[in-house]
1. Please report 283, 213, 244 as a ranked list, fewest other C-beta atoms within 10 angstrom at the top and most at the bottom.
2. Springs between alpha-carbon atoms under 10 Å, Gaussian network over the chain: tell me which of 41, 103, 269 tops the mean-square fluctuations.
3. Return 144, 286 ranked ascending by Cβ neighbour count within 10 Å, so the fewest neighbours appear first.
4. Springs between alpha-carbon pairs under 10 angstrom, Gaussian network model over the chain: which of 56, 29, 94 fluctuates most?
5. Can you give me the relative contact order of the chain as a percent, contacts being Cα pairs under 8 Å and 6 or more apart?
6. Using C-alpha positions alone, give me the convex hull volume of the chain per residue in cubic angstrom.
7. Using 0.36 nm times the number of residues separating residue 46 and residue 184, minus their current alpha carbon distance, what extension gain do you get?
8. For a Förster distance of 35 Å, can you work out the FRET efficiency between the beta-carbons of residue 24 and residue 233, rounded to the nearest 0.05?
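We did not get these values from a lab; they are worked out from the coordinates using the rules stated. Quick caveat, the model's predicted, so the values are computed rather than measured. We place every Cβ from the backbone using ideal geometry, glycine too, and count neighbours over all the protein chains shown.
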């Protein structure tokens, strides 16, 4: 965290604060955010071409976060990039604890501390990864702010297109998320387990969820809210233990488990083998006649260990950029 952030709380209104974070190069905020949000209509993780915005819930209070990467003009190559992080709170204000928690969540969500040197060494010597890694150089592997959000994402997106899945998640957030204000354009946070635990399956059905998905989301929220399941504790468990817990959840199968391991628990070696989009991306990369199945994907990605999950994100962005520049991607803003 920025040196002296505690003193800064006394220098500005307690409901607003700017932190400046140092991030080791290479780093591209725009590419990292696109790997997180996946589609342009994502209303939870917002990107306007310059600024990433999201609302977090810390100690049951919403805090709006805005992140901007400083331009690199005249920036020495041996110095880290800088990320300005603006926090805005409501009546509860900001204290040292809430500021530290926001910093921790954003650092984790944007992969700011992830060391990519080993991956780039691997990519340099791999004919399939060399061009791929250069195209999205500086992207960090993102993850959802909470494991609960990761599992709900997985449940929502099962057996439907990602476009439709994100629409469902948008509606869920607009209906059950809390915002900093009651303004029509206020951005709500992703719903907490406590909020979702009080929902009725009929309400989720009205948003477009199937009956099975609605029940799975609410049951998960209820178990987390009362402490039956501690999803955050899975961060400290090995893959086998975490997978066993996840597979024991209603509505969670192999794809949802591997998806959560990667996007929720930051297991960068996990490549979700049942992911249809990832299979299509591998088909394109290896110029295959058809999309590979689960076992074939395991074989194709084995040589990328322990960075298979990082390749997953690179393939995702490469797929988004297949028809041209990434939507909202303005690299000149970082170099002008």
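1. Details: 283 15, 213 23, 244 12.
In increasing order of surrounding Cβ atoms, one gets 244, 283, 213.
2. In the Gaussian network model the winner is 41.
3. Details: 144 23, 286 11.
Going from least to most buried by this count: 286, 144.
4. Looking only at 56, 29, 94, the biggest GNM fluctuation is shown by 94.
5. Working: 516 pairs, mean separation 64.6, N = 336.
Relative contact order comes out at 19 percent.
6. Numbers: hull volume 48.7 nm³, N = 336.
Roughly 145 Å³ of hull volume per residue.
7. Details: separation 138, 0.36 × 138 = 49.68 nm, distance 1.60 nm.
Here the segment from residue 46 to residue 184 would lengthen by 48.1 nm.
8. Working: r = 29 Å, r/R0 = 0.83.
With a Förster radius of 35 Å, E is 0.75.
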